[in-house]
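Remarks on the structure that follows.
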Amino acid sequence: MASPETLQKLKERFPEAEISEFRGQHRAVVPAGIVHDVLKFLKEDVGLALIIDITCVDYLYYPNAKDRFGVVYIVGHPETAERMIIKTFVNDPQPTLPTVTDLWEGANWLEREVWDMFGIRFEGHPDLRRILLPEDFQDHPLRKDYPLQGRGERHNIPVVTRDLG
Amino acid sequence: MPLEKSTTYIPKDEAQEYLWTMNFGPQHPATHTTLRLILKLEGERVVDADCDIGYLHSGFEKLAEHLNYNQYVTITDRMNYVSPMANNVAWHLAVEKLLGIEVPPRCQYLRVIVAELARIADHLVCNAAVGLDTGAFTFFMYAFNPREMIYDIFEALCGARFTNSYTRVGGLMYDASPKAIELIREFVKRFPRALDDMERLLTRNRIFIDRTKGIGVLTKEEAINRGVTGPVARASGVTRDLRKDEPYLAYKDFDFQICCAQAGDCYARYLVRMAEMRESLKIIQQAIENLPPGPVNVAVSERIALPEKWQVTSTIEGLITHFELIMSNRGFEVPCEEVYCATESPNGELGFYIVGDGSPYAYRARCRPPSFVHFALFPHLIRGHTLSDVVAVLGSLNIIAAELDR
């Protein structure tokens, strides 16, 4: 939940942010162009200085969805329970967002994981490599059009046979 | 004497040709789990470290989209396998938040008890591992003794020692039996002595202090900037603890304190974990003495938890609820909404971001793993220390690779 002052400040500074509430949690949907400014504002002027999570949702098969990827930033206050969810949408063919590693060091690996799993490129990221999957992996497996069983990656691993004779 | 952190001369990239590159892991006893470090060494001093993770990646988040809200609890067991109960509680708390239900008081108390027992088990393993890696083998044995008692309690509660899967949406698998409650009481009685023994063995041990004090220092500003939570952050002076700040379950009923330290080094992390075990024990003691009577599952009319057998056979509501939940084309009614719910797991903030799409399967279930965020710190903490400090820093961050890679 976010305090009323935070919401007030956010509304005044960024009138284009759509703020909604669900089960006591506040969420602001902002255009992709200003997401860096919003997070910078929340960090420096409001005090939500803790990056809790960066993740992504692929809305490909979601009912009534208009955009493909929703990138979710969860920021929190380091001393209170105040927490805010910032969400922005990006689309194919080249989903790109500005990096927030200049604001938080901790965003580095979180953004790398989003790149690895969803293929969303973060402009200006110092080290945007795959993190969980091998370097030569082709797909981004948490996308909805990637099948659960994979595309044969496991079956095509070369088998090293040892000649015991 | 612990070596001073070298700040004077760190070679640049082009001048690094004379440096040793050492591969640490992925199979090494001191990594405890499967992870790999590529260390750049100047003599015995670590100049830089690169972390290579993903060896245990098993697609848990993808699986969450194909298992329903009750089935997925078996996967959460396998995330942080040192404290699976805490993951079970975190997962179902998030699901219940999405569904908008609140579990009965008895269930809340039992969940608090198992989560705190899991915290004690996790801290015991973590501190024991730090001790073991820095040469204190006896301490390791002293720590694993009470851990065995905790596993006996879990076995009495749900039949499984390790992969518990104890929680269900809207309740628990079973109510606690009198035998389990007796075991918990006995644990509360016996554990303080074991903890005293452990503290006497290691807390003022000269060798251990030399190996851990001043090693891997994390300042408060850096801890916040890098999103660190849990005991690692509290050892650096961050006071954030979700049990106090945002009391979920029944935590607001209990009297306990947040344990913090200022130093931010490996030794401070050890002390914070030791102190937290005592506080957890206080919570367990209060919870078990004030355990409310009543059901552990939500009412049948909510159509969330499976009814009891007698309700299925002798009441029409029970029969209908059972049918609705069991048939594969029915199941939970979930709103098309998204929710983030976090708990204070033994390692830090363990959160689940769940997107519901109306079906009994999560559209997306993101796990915010504390180990992942903490392991990103490692190169920062180890720079300038010696090779033998690698194991101390790694142990004190309590990296669980299954949670790291998911």
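Listed values, structure above:
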read-out	value
First in region B:247-262 and at positive phi, second anywhere and among the basic types (Lys, Arg), Cβ under 6 Å, 6 or more apart	B:Leu249/B:Arg111
Region A:50-72 - residue that is surrounded by fewer than 21 Cβ atoms within 10 Å (Cβ to Cβ) and within 7 Å of chain B (Cβ to nearest Cβ) and, of those, farthest from A:Gly119 (Cα to Cα)	A:Pro63
Matching entry among A:Phe69, A:Phe122, A:Phe89 (being without any contact (Cβ under 8 Å) to a residue 40 or more places away in the chain and under 12 Å from the mean Cα position of the chain (by Cα))	A:Phe122
Criterion violated by A:Leu142 - all others in (1) hydrophobic (A, V, I, L, M, F, W, C); (2) touching a residue at least 60 places away in the same chain (Cβ under 8 Å); (3) more than 8 Å from every other protein chain (Cβ to nearest Cβ); (4) more than 20 Å from A:Ala32 (Cα to Cα) satisfied	(3)
Members of region A:4-27 found to be within 14 Å of chain B (Cβ to nearest Cβ), in a loop (DSSP other than H, G, I, E, B) and touching a strand residue (DSSP E or B) at 6+ places or on another chain (Cβ under 7 Å), listed by number	A:Arg23
Tally, over region B:24-50, of residues that are in contact with a strand residue (DSSP E or B) (Cβ under 7 Å, 6 or more places away or on another chain), in a strand (DSSP E or B) and over 15 Å from B:Ala402 (Cα atoms)	12
The lone exception for B:Ala115 - which of (1) within 15 Å of the chain's Cα centre (by Cα); (2) assigned to a strand (DSSP E or B) it fails	(2)
Check on B:Asp133, closer than 30 Å to B:Arg383 by Cα, touching a Pro at 6+ places or on another chain (Cβ under 6 Å) and more than 14 Å from chain A (Cβ to nearest Cβ)	no
Residues satisfying the stated conditions in region A:28-49, i.e. over 21 Å from A:Gly106 (Cβ atoms) and facing another protein chain (nearest Cβ under 9 Å)	none
Some residue of region A:143-161 being crowded, with 19+ Cβ neighbours inside 10 Å and not charged (D, E, K, R)	no
Failed item in (1) touching a Pro at 6+ places or on another chain (Cβ under 6 Å); (2) loosely packed, with under 15 Cβ neighbours inside 10 Å; (3) within 14 Å of chain B (Cβ to nearest Cβ), with A:Glu123 passing the rest	(3)
Count of residues meeting criterion [among the aliphatic types (A, V, I, L, M) and in a helix (DSSP H, G or I)] in region B:300-335	7
Unique residue being modelled with pLDDT under 90 and closer than 13 Å to B:Glu344 by Cβ when the list is B:Pro295, B:Pro247	B:Pro247
Qualifying residue in region A:12-19 (condition: under 24 Å from B:Thr229 (Cα atoms) and surrounded by 14 or more Cβ atoms within 10 Å (Cβ to Cβ))	no
Residue that is under 27 Å from B:Ile181 (Cα atoms) and hydrophobic (A, V, I, L, M, F, W, C), where the choices are B:Ala136, B:Ala94	B:Ala94
Which numbered condition A:His36 fails, given (1) modelled with pLDDT under 85; (2) out of contact with any helix residue (DSSP H, G or I) (no Cβ under 8 Å at 6 or more places or on another chain)	(1)
Selection count where residues are out of contact with any His (no Cβ under 8 Å at 6 or more places or on another chain) and either hydrophobic (A, V, I, L, M, F, W, C) or not in a helix (DSSP H, G or I) (or both), scope region B:122-169	30
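The values are calculated or read from the model by the stated rules, or taken from the named source; none is laboratory data. None of these values were measured; they are calculated from a predicted model. Every residue, glycine as well, gets a Cβ built from its backbone with ideal geometry; the counts of neighbours run over all protein chains shown.
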